[in-house]
Structures are given as structure tokens and as C-alpha cells.
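Colleague: Let me give you the structure first, and then I'll get to my questions.
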Amino acid sequence: MEGTIPTHIAIMMDGNGRWGKQRGLTRSQGHYAGSKTMENIIKDSLEIGLKVLTLYAFSTENWTRPPKEVQYLMDLPAKFLNTKLPDFMENDIKICISGDIEGLPSHTKKAVKKAVSETKNNNKLIVNFALNYGGRHELISVVKKILSDIQDTKITIENIDEQLVNTYLYTSGLPEPDIIIRTGGEQRISNFLLWQSSKSELWFTDTYFPDFNKKLLLQAIEEVNKRKIKE
Ligand code: V0D
């Protein structure tokens, strides 16, 4: 690998259901395969020295999928976090969540809060899960919180600038993504990190997420590095 490793990569993990279907499996079996790939990508991120990895697993729009699939998806975060927590501790990985976790099932919320609090002092790699995340929903929540703080006289209208807005986002304290990768063939931002993506490089691949790997991750980084030399 030549060139520099970015600080923050965000991945839209798309194409899991289609990967399953293509192999005569269920969509949920595709999601399971995706969760194994996710474990590998977290390991790869540690190895290459990334500081922040954001993983977009579920948008607020996904609630309209078949109930069985939604049920399966909703159990993945708790299963994943409860199984992997010792591994995160051992590898100095901090878990962050970006999204509206209040609307989630209570067992999911519980597992999420536990993982966030137990890993809060870790600092080799931040794995930021975008969970029940929607960019517009996030911006609406920012507007509401700012208005509420104005009403409570904690801030004034004159205080509102980019830096202040940043502190009200789910991603407060995290650097903006250098690269946003979307797997699965679609080339859209689909309501992901609307505010935070203003300067991000976008990289797309037709590869379904379960087939994503370290080689493609490094290819994305290299291609983006080349774009920058040309500037
Ligand atoms: C399904 C590929 C881990 C994407 C990965 C509810 C499709 C496997 C999580 C997870 C999903 C989320 C939050 C967290 C810890 C783990 C996850 C969903 C889907 C959406 F704090 N895998 N995973 N979440 N899939």
C-alpha cells in the first residue's frame, strides 16, 4: 500500500440480502454473512491503523422490510455486541452509536448502552455504528435541541455556527469521514451523514457487502489518494 491511510472511513454495507438471494439463501442468511464480513473489516481497520470506522447497517427507511427480516436485523446488534465485547476490550476498540436508539427494542438498547459505556476509555480504533440512523432525522433533532437550549437560555441565536451544529450531531466529537464507501452497486448517499459528508470522497463498488474485503478497502484508499495527487 502506498500513500497515507485516512483517519475516518464510513461504509454503507449494502447488498447483503441480494447476496443471499443470489446464492439461493434467505436475505437473513445474507445479513449473517455480512456480519462476518463486518468482523473482518474491523480487524483490517485495526491492522491498517484507521482511527474511526463508521458502519451503516440500518436506515430509518428499512422498517418497511418484511417483518421476519426486520426481526432478524433487530437482533443482530445485541448478538454482535454481546459476543464481541471481550474482543473490543482486548483490542482497545471504542464503540460509538450514531442514530436514534430510543426507538429500538429494549434488549437492543441495553446491549448498545453497555457496549458504549464499557468501551468508553478505549482509544485505538473507534467503531461508530450508524444504527436506526437517518440524515434528515438527525438534522431535525439538531434543530430541536438547539431551539430547546435557546429557550433554556443556554445559548443564543448568535452562537449558532458550523462548530456549534457539529456538537449537536450524533457524531459530535468524531472527525468527518475522509472516504464514504458504498457496496452493492447503488451510487447514492441515501440519507447517510448528510451534514458530515460535505467534503468526503465517495467510492462505490458493485461488490455485495458479504464479498467486501481488505483488498477492496485498500483499493478504495489508494484510488482516493490518487484523486488527491491530481488536484
Ligand atoms: C446486516 C451487514 C452488526 C449489514 C452487517 C440493525 C446488514 C450485518 C450490527 C450492529 C447488521 C449494529 C449496531 C451495533 C453493533 C452491531 C448490525 C444491523 C444489521 C442493523 F452497535 N451487524 N448488523 N446492525 N447486519
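Colleague: Looking at T171 and the list (1) more than 25 Å from D87 (Cα to Cα); (2) open to solvent by less than 60 Å² (accessible area, probe 1.4 Å); (3) of a type outside the set (A, V, I, L, M, F, W, C), which single condition is not satisfied?
Modeller: The one condition T171 does not meet is (1).
Colleague: Read through the list (1) open to solvent by 60 Å² or more (accessible area, probe 1.4 Å); (2) more than 8 Å from the ligand (Cβ to nearest atom), then give the number of the only condition that Y32 fails.
Modeller: For Y32, the exception is condition (2).
Colleague: Go through (1) modelled with pLDDT of 95 or more; (2) within 18 Å of L73 (Cβ to Cβ); (3) among the charged types (D, E, K, R) and name the single condition R23 misses.
Modeller: (2)
Colleague: Exactly one condition in (1) open to solvent by 20 Å² or more (accessible area, probe 1.4 Å); (2) outside any strand (DSSP E or B); (3) under 25 Å from N16 (Cα atoms) is false for K144; which is it?
Modeller: The number of the failed condition is (3).
Colleague: A further question on this structure: Taking the options K21, K43, name whichever one is open to solvent by 10 Å² or more (accessible area, probe 1.4 Å) and more than 27 Å from I95 (Cα to Cα).
Modeller: K21
Colleague: Any residue in region 119-132 that is within 16 Å of the ligand (Cβ to nearest atom) and modelled with pLDDT under 95?
Modeller: Looking for residues that are within 16 Å of the ligand (Cβ to nearest atom) and modelled with pLDDT under 95, one finds at least one in region 119-132, hence yes.
Colleague: Looking only at residues that are open to solvent by 20 Å² or more (accessible area, probe 1.4 Å) and near the ligand (Cβ under 10 Å from one of its atoms) in region 57-69, which one is modelled with the highest pLDDT?
Modeller: Per the criteria, the residue is A57.
Colleague: Something else about it: Among (1) closer than 11 Å to M12 by Cβ; (2) assigned to a loop (DSSP other than H, G, I, E, B), which single condition is S172 missing?
Modeller: (1)
Colleague: Testing K228 on (1) closer than 17 Å to H8 by Cα; (2) at pLDDT 95 or above; (3) open to solvent by 20 Å² or more (accessible area, probe 1.4 Å), one condition comes back false. Which one is that?
Modeller: With (1) closer than 17 Å to H8 by Cα; (2) at pLDDT 95 or above; (3) open to solvent by 20 Å² or more (accessible area, probe 1.4 Å) applied to K228, the lone miss is (2).
Colleague: Just to confirm my filter: which helices (runs of 4 or more DSSP H) fall fully inside region 1-113 and include at least 1 residues that are among the aromatic types (F, W, Y) and in contact with a Gly (Cβ under 8 Å, 6 or more places away or on another chain)?
Modeller: Those helices (runs of 4 or more DSSP H) span 16-22.
Colleague: Restricting attention to region 184-201, report how many residues are in contact with a strand residue (DSSP E or B) (Cβ under 7 Å, 6 or more places away or on another chain) and crowded, with 17+ Cβ neighbours inside 10 Å.
Modeller: 4
Colleague: For region 92-122, how many residues are touching a strand residue (DSSP E or B) at 6+ places or on another chain (Cβ under 9 Å), hydrophobic (A, V, I, L, M, F, W, C) and open to solvent by 10 Å² or more (accessible area, probe 1.4 Å)?
Modeller: 3
The values are calculated or read from the model by the stated rules, or taken from the named source; none is laboratory data. Since the structure is predicted, the reported quantities are computational estimates derived from the model, not experimental observations. Using ideal geometry, Cβ is built from the backbone for each residue, glycine included, and neighbour counts are taken over all protein chains shown. In case anyone asks, the SASA skips ligands and DNA or RNA and just uses the protein heavy atoms, side chains included. Shrake-Rupley method; radii C 1.70, N 1.55, O 1.52, S 1.80 Å.
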